Amino acid sequence: MNDAAHDLHAPHFIGIGGAGMSGLAKILAVRGASVSGSDSKESETVLALRALGATVHVGHAAKHVPDGTSSVVVSSAIRADNPELAAAHERGIPVVHRSDALAALMGGRRALAVAGTHGKTTTTSMLAVALGELGLDPSYAIGGDLDTPGSNAHHGAGEIFVAEADESDRSFHKYAPEVAIVLNVELDHHANYASIEEIYESFETFVGRITPGGTLVVSADHDGARELTARVAGREGLTVVTVGAAEDADVRVRSVVARGMTSEVTVELDGAELSFTVSVPGRHYAHNAVAALAAGVALGVPAADLAKALGAYTGVRRRLQLKGEAGGVQVIDSYAHHPTEMTADLEAIREGLEGEGRVLVVFQPHLFSRTQQLAEEMGRALALADASVVLDIYPAREDPIPGVTSELIIDAAHRAGADVTAEHSFAAAPAVLAGLARPGDLLLTMGAGDVTNLGPAILEEIRGSVQHLSNVASNV
């Protein structure tokens with residue numbers, strides 16, 4: 001269990017319920033570590049960790065750090081004044097960033113790291129599911145649950161470890177993968193990067209961490225990814241495989257045919273065509289699957305076998321996840337919070353739309369800094385929907401910025417010709433959305449915050465409205 005630099009035999013996780021932290025805690029618990037942690041609230045994830053033997057407290061207090069704790073694991077979201085972090089410093093307990101803990105867990109495995117401004121969770125999930133379908137039993141750590149709480153990580157018996165590599169705080173510099181995927185490179189995470197040049201430099205550093213003789217799988221379609229490819233071209237001991245629809249792509253996407261909520265993908269690989277189906281809609285997700293295919297092939301997995309296995313992937317929670325249907329309205333949850341992601345999901349949903357239905361969105365902006373920088377682009381993305389409701393900004397780890405509100409996005413959306421309104425009451429949103437929806441519509445709850453919780457409430461409101469109309473009709 002012990003790592004030379006990071007003793008993880010009895011780790012304490014601050015914010016253990018988070019997507020990244022909970023996965024590491026799960027793997028360590030399965031490996032036999034004495035895991036403890038704390039989180040701000042009860043959740044299904046917390047319950048899943050307790051079922052594995054972890055001790056999890058709700059709320060943060062110095063007394064929650066047990067005697068015998070070997071290290072305290074934190075993410076970049078943990079503030080310096082957290083009482084458990086202060087207790088660790090006072091007691092001389094080593095503090096380990098989650099990226100260092102993940103790097104330690106990947107030690108001794110054939111590591112495959114998935115990076116990029118967008119699409120990491122989906123692509124990592126596709127690989128985890130497909131490799132598992134082939135009996136390779138990989139370990140994996142993903143930034144979202146595949147199907148049930150706690151399914152964001154797995155300790156496998158196989159030699160492969162698939163991990164989502166986060167660029168937001170440069171933590172992906174800690175990993176040394178045999179194969180790395182870079183899906184795209186864009187300016188985001190404005191609190192940590194001052195310019196696109198800093199982003200490029202950060203991704204160059206990540207590519208430099210690929211082990212000698214390893215492979216970089218990188219998009220041939222995305223401008224930022226092509227710039228990165230040009231910067232790392234010719235590095236000794238590095239094989240670069242480009243993927244995409246571009247004519248010069250090494251693995252070329254020949255076609256993507258949407259069939260409702262699935263896509264039929266045809267690629268050209270090593271001079272031969274290969275077709276397979278993925279159970280997610282739209283070109284954006286299809287291209288993620290092709291990147292996963294190329295990365296698996298770089299690890300030595302036969303392309304035909306992997307292509308077929310990718311068909312076993314049926315999505316990840318919060319990535320165009322169908323939450324239910326009521327009154328002829330489908331409610332779908334989208335984690336999209338950056339304009340590129342918003343555009344991709346809205347285009348994917350519209351491709352799969354049938355009949356006279358509309359695409360409706362309730363969007364919750366994520367972070368004041370992101371809204372300040374990208375409000376105009378977010379507004380333009382919302383113009384792809386038939387109608388949108390915009391909630392107040394979800395602050396997450398940030399303090400408010402004067403003058404930065406959802407109105408910036410709404411104004412931009414109006415300039416782009418969008419039908420968009422503001423809703424400042426989170427509690428009132430389900431009734432508002434239910435009032436907008438009509439049979440045949442697809443309604444997306446969109447954003448990285450707690451907007452995901454609105455889906456069931458919206459469905460309940462729609463069911464109530466349908467029942468009310470039915471009762472009225474029966475009494476006439």
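Would region 281-391 count as rounded, prolate or oblate if I go by the C-alpha gyration tensor, calling it rounded below 1.5 in a/c and otherwise prolate when a/b exceeds b/c, oblate otherwise?
Note, shape of region 281-391 comes out oblate.
Put +1 on the Cβ of each Lys and Arg and -1 on the Cβ of each Asp and Glu in region 321-402; which of L367, P402, Q330 then has its Cα farthest toward the positive end of the dipole?
Working it through, the farthest residue towards the positive pole turns out to be P402.
In the chain, which longest range has no trypsin sites (Lys or Arg not before Pro) that are both DSSP loop (not H, G, I, E or B) and surrounded by at most 13 other Cβ atoms within 10 Å?
80-396
Determine the gain in length on full extension of the stretch E42-R397; use 0.36 nm per residue of separation and subtract their C-alpha separation, reporting nm with one decimal.
Extending this stretch completely gives an extra 125.9 nm.
Share of the chain's accessible area from carbon and sulfur, percent, 1.4 Å?
Of the solvent-accessible surface of the chain, carbon and sulfur hold 49 percent.
Positive end of the charge dipole of the chain (Lys, Arg +1 and Asp, Glu -1 on Cβ, about the Cα centre): tell me which of S465, F203, S263 has its Cα farthest that way.
Of the listed residues, the answer is S465.
What pairs in K120/K174; K41/K120; K26/K323; K174/K308 have C-alpha atoms more than 23 Å from each other?
K41/K120; K26/K323; K174/K308, as the Cα separations exceed 23 Å there.
List every DSSP H helix in the chain whose Cα atoms extend 24 Å or more along the helix's own long axis and whose mean Kyte-Doolittle hydropathy is at least -0.5.
The qualifying helices are 454-475.
State in Å² the accessible area per residue of the chain; use a 1.4 Å probe, count heavy atoms of protein chains only, and round to the nearest integer.
Normalised by residue count, the accessible surface of the chain is 40 Å².
With runs of 4+ DSSP H residues as the only contributors, calculate the mean residue ellipticity of the chain at 222 nm using -39,500 (n - 2.57) per run, divided by the residue total and rounded to the nearest 500.
Calculated at 222 nm, the ellipticity per residue is -11000 deg cm²/dmol.
Contour minus end-to-end for V95 and E198, with contour as 0.36 nm per residue of separation and end-to-end as the Cα-Cα distance?
34.4 nm
Calculate the length of the line joining the C-alpha centroid of region 66-120 to that of region 262-276, in whole Å.
A separation of 39 Å, based on Cα centres.
Using a Förster distance of 41 Å, how high is the FRET efficiency between T314 and R438, based on the Cβ-Cβ distance and rounded to 0.05?
After rounding to 0.05, the efficiency reads 0.90.
Gain in length, R415 to S168, computed as 0.36 nm per residue apart minus the alpha-carbon separation, to one decimal in nm?
So the chain would gain 85.9 nm between R415 and S168.
For the residue pair T277 and D223, what label-to-label distance in nm results when each label sits 7 Å from Cα along the Cα-to-beta-carbon direction?
It works out to 3.7 nm between the two label points.
As a test question: what accessible area, to the nearest 10 Å², does S279 have when a 1.4 Å probe is rolled over all protein chains in place?
Surface accessible to solvent at S279 totals approximately 40 Å².
What is the magnitude of the charge dipole of region 170-231 about its Cα centre, with +1 placed on the Cβ of each Lys and Arg, -1 on the Cβ of each Asp and Glu, and no other charges, expressed in debye to the nearest 20?
Computed charge dipole of region 170-231: roughly 300 debye.
Viscosity 1.002 mPa s, temperature 20 °C: Stokes-Einstein D of the chain from its Kirkwood Cα radius, in µm² per second?
92 µm²/s
Rounding to the nearest 20 debye, state how big the charge dipole of region 1-149 is about its Cα centre with +1 on each Lys and Arg Cβ and -1 on each Asp and Glu Cβ.
With only Lys, Arg, Asp and Glu charged at Cβ, the dipole is about 140 debye.
Dipole of the chain (Lys/Arg Cβ +1, Asp/Glu Cβ -1, origin at the Cα centre): which of V217, A61, A233 lies farthest to the positive side?
Final value for the positive-end residue is A61.
Using only Cα atoms, what Kirkwood radius does region 1-159 have, in angstroms?
This gives a value of 15.8 Å.
Short version: what are the Cα gyration tensor semi-axes of region 338-452, square root of 5 times each eigenvalue, largest first, in whole Å?
They are 23, 15, 12 Å, listed largest first.
Among DSSP beta bridges lying fully in the chain, give the percent that are antiparallel, nearest 5.
Roughly 30 percent of the beta bridges in the chain run antiparallel, per DSSP.
About its Cα centre, what dipole magnitude does the chain give when the only charges are +1 on Lys and Arg Cβ and -1 on Asp and Glu Cβ, stated in debye to the nearest 20?
About 900 debye.
The values are calculated or read from the model by the stated rules, or taken from the named source; none is laboratory data. Here the structure is a predicted model, which means the values were calculated and not measured. Note that we place each Cβ from the backbone using ideal geometry, even for glycine, and neighbour counts take in every protein chain shown. The accessibility values were calculated without ligands, DNA or RNA, using every heavy atom of the protein model including side chains. Shrake-Rupley method; radii C 1.70, N 1.55, O 1.52, S 1.80 Å.
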